[in-house]
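Engineer: Just dropping this structure here.
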Amino acid sequence: MRNFKNFNIALLAVFVIAIAAGAFTLLRPPAEKPAPPAPLPAPVPAPQAPVQPIPGVPWLDVGKYRNEPTVSVWMADRGTVERMPLEKYLEGVIAQEMEPRWPLEALRAQAVASRTLTLNAIEAGTIRKLHNADVSTAKEELQAFGPQKVNDTVKEAVRSTRGQVLLYAGSLVNAIYSSSNGQIAATREESFPREIPHPTPYFQPVTDNSFKYTPAELQSWTVTIPGSEVAAAVGYRGNPRDITILAKGPSGRILYIGAGDARVYGAEFRKSVGFDRLKSTLVDEMTYDGTSFTFKGRGWGNGVGLCQWGAYTYAQDGWKAEDILKHYYVGADITQLWN
């Protein structure tokens, strides 16, 4: 009986100690949360399931483009409209949007993406509403244009992909691209939540090994922005210290940022504070020191679709343009429109 009583006392003591230890654990301040590691590169094209037509997105009438079209180009620097063959226009786009001395397969991938994006703009009539022209040389409106930079490699990239575009279930892919995706691609919801109203199943958070060659200043960066400016960007009138990243998307980018009833999309927040300041919404850490916010992030650009530094890396590793494109635009097919 005495042994049983002693056993109960001992058991009670252990229980009390365990509770005390647990309470101590709960009362201790939480350990500093380590920064999330960069996503592991996986330079393997994503598996492609059978694709279904996208609701609300019209099929492309391929018969309409049996012959190379002549396009009207809004020359933003001069405020005039010029007409030229689409492939000629495309040479100037590729030379400005990607380094003309890069590997041919990277330039070929860029050519197909840019040609697709050009036709997408023509079909949607977005530039016609602005300037009564098919396309614009203003980068913020469509794509940049630098005909003075065209070299033989650029010409070959355009010539060897002549008439080729990306289609998904018979519809033109909205072939957006960016400089550096931070080794993981963005989804439409993360980077273009309002601008693209329809689903884009070909934009998936695929990973790559683009940091193999990406300049260090684009791989990771830090920027400090005054708290008052951050508060104004999210429309919050309270203390800036309340502002947090409310949600992140599939790739880890800011989906919503704000406080209380005030919140905005991460993409809209980036636009408000400046694209060149907040290089991307792939933010790993956001801290506030009572005066300013410090953001630490990766990559440069919207992160959607083709990553240009990723294309460079894959081309250096021996990939063909077709494989590069199918990696970044999941489920898309390359279709020949004109010869």
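Engineer: Which condition from (1) touching a residue at least 12 places away in the same chain (Cβ under 8 Å); (2) at negative phi is the one that Asn239 breaks?
Structural biologist: In the conditions (1) touching a residue at least 12 places away in the same chain (Cβ under 8 Å); (2) at negative phi, Asn239 misses (1) alone.
Engineer: Return only the number of the condition from (1) within 18 Å of Glu189 (Cα to Cα); (2) under 15 Å from the mean Cα position of the chain (by Cα); (3) not charged (D, E, K, R) that Ile245 does not satisfy.
Structural biologist: Among (1) within 18 Å of Glu189 (Cα to Cα); (2) under 15 Å from the mean Cα position of the chain (by Cα); (3) not charged (D, E, K, R), Ile245 violates only (2).
Engineer: Now for a different question. How about region 62-80: which of its residues are at pLDDT 95 or above and surrounded by 14 or more Cβ atoms within 10 Å (Cβ to Cβ)?
Structural biologist: Those that are at pLDDT 95 or above and surrounded by 14 or more Cβ atoms within 10 Å (Cβ to Cβ): Tyr65, Glu68, Pro69, Val71, Ser72, Val73, Trp74, Met75, Ala76.
Engineer: Can you find even one residue in region 82-91 that is in contact (Cβ under 8 Å) with a residue 24 or more places away in the chain, out of contact with any Lys or Arg (no Cβ under 8 Å at 6 or more places or on another chain) and surrounded by fewer than 16 Cβ atoms within 10 Å (Cβ to Cβ)? Lay out the reasoning, then the answer.
Structural biologist: Step one: filter region 82-91 for residues in contact (Cβ under 8 Å) with a residue 24 or more places away in the chain, giving 86-87, 89-91.
Restricting the remaining residues to those that are out of contact with any Lys or Arg (no Cβ under 8 Å at 6 or more places or on another chain) gives 89.
Still in the running and surrounded by fewer than 16 Cβ atoms within 10 Å (Cβ to Cβ): none.
No, the conditions are met nowhere in region 82-91.
Engineer: A further question on this structure: Please verify whether Lys248 is free of Cβ contacts under 8 Å to residues at least 24 places away in the same chain and among the basic types (Lys, Arg), treating the condition exactly as stated.
Structural biologist: Working: free of Cβ contacts under 8 Å to residues at least 24 places away in the same chain: yes; among the basic types (Lys, Arg): yes.
Yes.
Engineer: Would you mind stating whether Val230 is at pLDDT 95 or above and under 18 Å from the mean Cα position of the chain (by Cα)?
Structural biologist: Values: at pLDDT 95 or above: yes; under 18 Å from the mean Cα position of the chain (by Cα): no.
In short, no.
Engineer: Tell me, which residue of region 320-331 that is under 17 Å from the mean Cα position of the chain (by Cα) and assigned to a loop (DSSP other than H, G, I, E, B) is surrounded by the fewest Cβ atoms within 10 Å (Cβ to Cβ)? Even if it seems obvious, please write down each step before you answer.
Structural biologist: Taking region 320-331 first, the residues under 17 Å from the mean Cα position of the chain (by Cα) are 324-330.
Checking which are assigned to a loop (DSSP other than H, G, I, E, B) leaves us with 329-330.
Details: Tyr329: 31, Val330: 21.
In this case the residue turns out to be Val330.
Engineer: Filter region 255-299 down to the residues that are in a strand (DSSP E or B) and without any contact (Cβ under 8 Å) to a residue 40 or more places away in the chain and list them by number. Break it down into steps so the answer makes sense when it comes.
Structural biologist: Going residue by residue through region 255-299, those that are in a strand (DSSP E or B) are 255-259, 262-265, 283-288, 292-297.
Of everything in region 255-299, those that are in a strand (DSSP E or B) and without any contact (Cβ under 8 Å) to a residue 40 or more places away in the chain turn out to be Tyr256, Ile257, Gly258, Ala259, Ala262, Arg263, Val264, Val283, Thr287.
Engineer: Kindly indicate whether Pro205 is without any contact (Cβ under 8 Å) to a residue 60 or more places away in the chain and of a type outside the set (Asp, Glu).
Structural biologist: For Pro205, the condition - without any contact (Cβ under 8 Å) to a residue 60 or more places away in the chain and of a type outside the set (Asp, Glu) - is met.
The values are calculated or read from the model by the stated rules, or taken from the named source; none is laboratory data. Every value quoted in this text rests on a predicted model; they were computed, and no experiment measured them. Counting neighbours? That spans all protein chains shown, and the Cβs are built from the backbone with ideal geometry, glycine included.
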